[in-house]
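The values are calculated or read from the model by the stated rules, or taken from the named source; none is laboratory data. Only a predicted model underlies this, so the values are computations on that prediction, with no experimental measurement involved. Reconstructed Cβ throughout: ideal geometry from the backbone, glycine too, with neighbour counts over all protein chains shown. When the accessible area is computed, the model is the full protein with side chains, heavy atoms only, and any ligands, DNA or RNA have been set aside. Shrake-Rupley method; radii C 1.70, N 1.55, O 1.52, S 1.80 Å.
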Amino acid sequence: MATTGTAPAPRTAVPPQPRSPAPHTSAPGATLIGSVQRAMRLLETVAAHEHGAPAKQLARETGLALPTAYHLLRTLVHEGYLRRDRGLFFLGDAAERLSSSGAQQKRRSTVTDTLARWRDAVGVPVYYAVYRDGEIGLIGVADTPASPAVEEWADFRETAHAHALGQCLLAQLDDAARRDHLDRYPVRPATPYTVRDAASLLRRLERARETDVVIERQEYALGTVCAAIPLRVGAAAASVAVSLPVHQADRLLPTIQRLQAEMRCLLGSLALSISI
């Protein structure tokens, strides 16, 4: 049978539309952040109780409902941030590791800031190294693009006999420790100016113990002179050094003397960082 009227328009595909969030529903992120905040409050409260605290007390002090506190405490115990002993909660190993890492980062920041202040005071690169467990550790270097540090082209641990930092550290060791180090890292030429043998080096180290200043001229890197002084804080052997281009060698001794004066002003801030 024939039909009359206008034919319907052809259908076209409609692209899927993004769904709107259901009304009155909190965003997942808000719930997660709230849970983290509550967990952090519990951790802080537990940390304030050296001899531990029970769940009811922790809930009361943090203002949390007891079921919520129990749930978070169980989770924190499971993850190692808390431990439970006879109904009392204490900080766990994971929390202790966080605390230790945070303290270490703070000490490193202190070293960085202190070296930068010394660098700005003397106007040349400043280096800081420590001798620990039979090895030299270069802890920090502060320089500027206009006055760059010496490139570590050879491992500092293996070339202590050649650079001022290493010689200064070795001078602070007893005879047995020095000889042990040189047995493991024999004297070898790094440049034509490097000390030639262990006997010559040991004589130099004895003189350095008396003067408290080690000066090295192109023994580690050609075109560079360095001076180092001991940093006596605690039981660790530590040293601070400066470097200059060889054509400015006459500035080396006045620069290291100025650094010594600056160190007396800021030594306390670096003393806590020797244990890094």
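So if each residue of separation counts as 0.36 nm, and I subtract the Cα-Cα distance between residue 47 and residue 96, what length gain in nm does that give?
So the chain would gain 16.6 nm between residue 47 and residue 96.
Can you tell me what percent of all Cα-Cα pairs in segment 140-267 are more than 18 Å apart?
More than 18 Å apart: 52 percent of the Cα pairs in segment 140-267.
With a 1.4 Å probe and every protein chain left in place, work out the accessible area per residue of segment 79-212 in Å², rounded to a whole number. Kindly include the intermediate steps, with their values, before the conclusion.
On the way: 7420 Å² over 134 residues.
It amounts to 55 Å² per residue over segment 79-212.
Quick check for you: which residues of segment 173-189 have the amide N under 18 Å from the point 7 Å beyond the Cα of residue 135 toward its beta carbon?
178, 180-186
Which order do the peptides 46-54, 68-76, 212-220 take when ranked by the mean count of other beta-carbon atoms within 10 Å per residue, highest first? Don't jump to the answer; show the numbers that get you there.
Values: 46-54: 14.7, 68-76: 18.1, 212-220: 20.8.
In descending order of packing, they fall as 212-220, 68-76, 46-54.
Please compute the length gained on full extension between residue 40 and residue 210, using 0.36 nm multiplied by the number of residues separating them and subtracting their Cα-Cα distance.
55.8 nm
Cβ neighbours within 10 Å, averaged per peptide: list 238-244, 90-96 in order, most packed at the top.
238-244, 90-96
Over all directions, how big on average is the projection of the convex hull of the alpha-carbon atoms in segment 65-200, in square nanometres?
Approximately 14.5 nm², given one-decimal rounding.
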